[in-house]
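Below is one structure, written out as structure tokens; comments come after it.
The values are calculated or read from the model by the stated rules, or taken from the named source; none is laboratory data. Quick caveat: nothing in here was measured; it's all calculated off a predicted structure. Neighbour counts run over all protein chains shown; Cβ positions are idealised from the backbone, glycine included. SASA here: full protein model, heavy atoms, side chains in, ligands and nucleic acids out. Shrake-Rupley method; radii C 1.70, N 1.55, O 1.52, S 1.80 Å.
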Amino acid sequence: MIHEVEELFTRQVRAWPQLAKGVEGLARARTRPVRIDWFDIFIRHISHRMASTTAPVDRESVARRPCFLCAGNLPSEEEGLRFDENFTIYCNPFPIVDRHLTIAHREHGSQRIANQFGNMLDMAAALAGYFVVYNGPECGASAPDHMHFQAGSRSLFPIEKDTAGLTGVTVPNYARQVFLLRGRDRSALIHRMDRAIALLAQATGKRPEPLVNIAVFHEAAEWVAYLFPRGKHRPGVFYTGELTVSPASIDLCGIFVVPLAQHFEAVTGDAIAAIFREVTLPDGQFQQVARKLESER
Ligand SMILES: [Zn+2]
């Protein structure tokens, strides 16, 4: 699969000017690490993320625009690679990371994780060296009306190093709230993820789906999954204009995207930690779910 993805990239960079532009933009992107407590966050300035960071995702705005993930609306140069009977892999023309992919369902239908986590695990297993992420419809998905995942190279994927060797369900003192689920047994892992999501729905009263971001990778026959329960979509500083940032899965995994140059220079580790705390679940609700998950292991 990786070989076919590499070939798709090579062909598409030649054939599709918008992707070539995005790849060049990423090559020019500046990245600087900032130390927070015991871990690093990599702040990345990418101008071409402006539209995604500020995308209106309310029902009316989404209904008004043509869906950019429906096969019939894709630019003529864009080519997909079949993953399975339901999902097709595309190159993302607005990359945050190397080999940034969008993996879209063939049918136009709501972004929902129910019955989809197994597909995520299969994608992660097929894409060696990559991560796969899911952004909930109310916390980072710029197409909340069309089921999709994203994937990218783990050449930079800070959370992997941060959590190497950790065996607990939570990651202490990590600024953001995250549940860590590991395992070699596909169905047991699906069951645990479904349970965690059900507990979050119960704790937050958000239905049909609690606000979540999810990241998964597969290494040495084991899946590692990160479930970020969210308290809100965008931080206060986004609305005041102080910082144009809108964290989703990749940001929470440690690559903090900043589309404006002046914000790239100005943002501090303390500010990022505060934003992570603000947008992930408040500690009381988080600990309540963590205790239940821990007791069911
Ligand atoms: Zn669509």
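A 1.4 Å probe run over the protein chains yields, for the range 73-120, 44 Å² of accessible area per residue, whole-number rounding. Straightening the chain between residue 206 and residue 266 buys 18.1 nm, computed as 0.36 nm per residue apart minus the Cα-Cα spacing. The residues packed around residue 47, meaning those with a beta-carbon under 15 Å from its beta-carbon, carry a net charge of +3 if Lys and Arg are +1 and Asp and Glu are -1. The candidates 232, 21, arranged from most to least accessible area with a 1.4 Å probe in the full protein assembly, appear as 21, 232.
The residues 3, 48, sorted by heavy-atom accessible surface at 1.4 Å with ligands and nucleic acids left out, run 3, 48 from largest to smallest. Ranking 50, 130, 271 by Cα position along the charge dipole of the chain, where only Lys, Arg, Asp and Glu carry charges on their C-beta atoms, puts 271 farthest toward the positive end. According to the Kirkwood relation over distinct C-alpha pairs, the hydrodynamic radius of the range 17-109 is 15.4 Å.
Remark: accessible surface ordering of 54, 88, 280 (largest first) is 54, 88, 280, probe radius 1.4 Å. Hey, in the GNM for the chain with a 10 angstrom Cα cutoff, which one of 264, 238, 94 fluctuates hardest? Residue with maximal mean-square fluctuation among 264, 238, 94: 238. Cross-link partners for residue 21 among the aspartates and glutamates, with Cα-Cα distance under 19 Å and sequence neighbours closer than 8 places in the same chain left out: 6, 7, 77, 78, 79, 98.
Rolling a 1.4 Å probe over the protein heavy atoms gives the range 1-60 an accessible area of 59 Å² per residue. What's the carbon and sulfur percent of the range 67-203's accessible surface, probe 1.4 angstrom, rounded to a whole number? Exposed carbon and sulfur together represent 47 percent of the surface. The distance from the alpha carbon centre of the range 107-136 to that of the range 139-190 is 12 Å, rounded to a whole number. The aspartates and glutamates whose alpha-carbon is closer than 19 Å to the alpha-carbon of residue 292, local same-chain residues fewer than 8 away aside, are 194, 209, 283. Sequentially through the range 171-183, phi angles give Karplus couplings (6.51, -1.76, 1.60; θ = phi - 60°) of 10, x, 6, 10, 6, 9, 7, 8, 9, 10, 10, 10, x Hz, Gly and Pro residues having no value and appearing as x. The distance separating the Cα centre of the range 1-71 from that of the range 230-248 comes to 18 Å. Evaluated over the Cα positions of the range 1-68, the convex hull gives a direction-averaged projected area, one quarter of its surface, of 7.8 nm². Around the Cα centre of the chain, unit charges on the Cβ atoms of Lys, Arg, Asp and Glu (plus for the first two, minus for the last two) sum to a dipole of about 400 debye. According to the Kirkwood relation over distinct C-alpha pairs, the hydrodynamic radius of the range 2-295 is 19.3 Å. For the chain, 91, 139, 253 stand unpaired, since no other cysteine beta carbon lies under 4.7 Å from theirs. Mean-square fluctuations from a GNM of the chain, with a 10 angstrom spring cutoff on Cα atoms, peak among 58, 162, 270 at 58.
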